[in-house]
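Presented below is the structure to which this report refers.
The values are calculated or read from the model by the stated rules, or taken from the named source; none is laboratory data. Computed from a predicted model, the values in this text were never measured in an experiment. A quick note on method: Cβ atoms are made from the backbone with ideal geometry, for glycine too, and the neighbour counts reach across all protein chains shown. Protein only, heavy atoms only, side chains kept; ligands, DNA and RNA dropped before computing areas. Shrake-Rupley method; radii C 1.70, N 1.55, O 1.52, S 1.80 Å.
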Amino acid sequence: MTPLPTLRQLQFFMALVRRESFSKAAEDCLVSQSTLSSAIKEMEALMNQQLVDRSTRSFALTPAGEEVASRAPALLAGAEDLVRAASGRNPLEGPFTLGVIPTIAPFILPRAAKAFKKAFPKLELYLREDLTATLAERLSAGLLDAAILAFPYDLPGIDSVEIGDDPFWFACAPDHPFANKKSLKRNEVSTCELLLLEDGHCLREHALDACELRDRDAAASFGGTSLFTLAQMTKAGLGATLLPDMAVREGLAKSAGLKVIPFAAPAPARKIGVAWRRGSGRKEEALALAEELKKIFV
C-alpha cells in the first residue's frame, strides 16, 4: 500500500503556500512553527521529494511543491465535504464561512446578518472580506463555504446564483458641469475625468465595461482603495465617479455631499450573486442564504 500524507500535513502545507511564511502559517494553524515545519519535512520524506525550496531567502516551491499545491485543495475540500455529510448536521446549523467583497460588505452585511440570525438561529456565521480573486481561490480550496460576489467574473469550478442587479449612478461634486443633469447617457461619461478603484477590484472592471471606458485615459487617472476614498476625492473636485446603487441607498453620496445622476435606460449595472464551489456539500445552504439575501436586496 502506498504511504500517503495526512490531511493535517496537507492543511499545514497549504497554509504555508498561502502565507509564504512558516511563522504566519503556524499562527493560522494554531501550532508552533517547529510543529508545522516538522510536518512539512515528514511529508517531504514520505514523498521522497523536496516541496519547499530552502536555498533562497524568499519563499519558493519546487516543481514537486507546485504540483502538490495545485492538487491538495481539491483533496482537502472533498474531505471537508465528507465530514459534513457524515455529521448528520441539519443545513445552516453550526459554522458557516461566508466571503464578501469590499464594495458589497459595508452596504449589505448589516441587514444580511440580522436576516440570517432570524431565519437561521443556529447558524454560526464567520465573515471574510477580501477581493474577488482571493475569495475565489479560498472557495476552490474549501476555505470558504460561499461568497457574495459581483458579476460578471470568470470563476472556473465555481457555481453561483444571482440575487439582484446593482445599477451604477454617476456621482460628482455640486459644482461639476453635469451636476444639474436629470440623466446621463453612457457615452457622456467619457468626456470627464473619472475616478475609479485601483486594479484588482472587480467594481473597476464592471464600471469600465458598463460605460465602455476600457483603456480610456479618463478611467486611469486615479485608483482608489475603497468607495469611501472615491467619494472623498470626488467631493474634493478631483473628478467624478461611479457608485453602485447599494452604496447610494446607504447614504455614501449624501454623507460626502455629492450629487448623483441616474443613467438613461438601460442603466449600466453589475449583478450580485452568491457563489460556492462546484460539487460542494454546502450548495443547499448557499442557495438558502441567497433566498434570504434576495428579500433584503430589493
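Quickly run through the range 241-251 and pick out the residues that are open to solvent by 10 Å² or more (accessible area, probe 1.4 Å) and touching a residue at least 40 places away in the same chain (Cβ under 8 Å). Even if it seems obvious, please write down each step before you answer.
Here is the first cut: in the range 241-251, the ones open to solvent by 10 Å² or more (accessible area, probe 1.4 Å) are 245-246, 248-251.
Those that are open to solvent by 10 Å² or more (accessible area, probe 1.4 Å) and touching a residue at least 40 places away in the same chain (Cβ under 8 Å): D245, M246, V248, R249, E250.
Return the residues of the range 147-189 that are among the small types (G, A, S) and touching a Cys at 6+ places or on another chain (Cβ under 7 Å); say none if nothing qualifies. Reasoning before the result, please.
Here is the first cut: in the range 147-189, the residues among the small types (G, A, S) are 147, 150, 157, 160, 164, 171, 173, 179, 183.
Selection gives A150, A179.
I'm trying to understand the selection: among the residues of the range 43-58, which are open to solvent by 60 Å² or more (accessible area, probe 1.4 Å) and not charged (D, E, K, R)?
Scanning the range 43-58 gives A45, L46, M47, N48, Q49, Q50, S55, T56, S58.
Can you tell me how many residues in the range 263-291 are open to solvent by 30 Å² or more (accessible area, probe 1.4 Å) and among the charged types (D, E, K, R)?
Result for the range 263-291: 6.
Among K122, K181, K114, K185, which is the only one that is under 21 Å from E250 (Cα atoms) and either open to solvent by 50 Å² or more (accessible area, probe 1.4 Å) or touching a Gly at 6+ places or on another chain (Cβ under 6 Å) (or both)? It would help to see each step written out before you state the result.
Values: K122 fails: under 21 Å from E250 (Cα atoms); K181 fails: under 21 Å from E250 (Cα atoms); K185 fails: under 21 Å from E250 (Cα atoms).
It is K114.
Can you spot a residue in the range 204-225 that is farther than 25 Å from G94 by Cα and at pLDDT 90 or above? Give the steps one after another, and end with the answer.
Taking the range 204-225 as the starting set, the residues that turn out to be farther than 25 Å from G94 by Cα are 204-225.
Subsequent filtering for residues that are at pLDDT 90 or above retains none.
For the range 204-225, residues farther than 25 Å from G94 by Cα and at pLDDT 90 or above: absent.
Which of the residues belonging to the range 31-40 are open to solvent by 50 Å² or more (accessible area, probe 1.4 Å) and within 17 Å of T6 (Cα to Cα)?
T35, S38, listed by residue number.
Looking at the structure I just gave you, is A112 touching a helix residue (DSSP H, G or I) at 6+ places or on another chain (Cβ under 8 Å) and within 30 Å of R204 (Cα to Cα)?
yes
List the residue pairs whose Cβ atoms are under 8 Å apart, where the first residue sits in the range 111-129 and is within 23 Å of L143 (Cα to Cα), the second is of a type in the set (F, W, Y) and surrounded by 11 or more Cβ atoms within 10 Å (Cβ to Cβ), and the two are 6 or more positions apart or on different chains.
Hits for this filter: L123/F96; L123/F116; E124/F96; L125/F96; L125/F116; Y126/F96.
Are there any pairs, at least 6 apart or on different chains, whose C-beta atoms fall under 6 Å, with the first in the range 200-211 and farther than 11 Å from A150 by Cα and the second in a helix (DSSP H, G or I), and if so, which?
L208/A219; C211/R186; C211/V189
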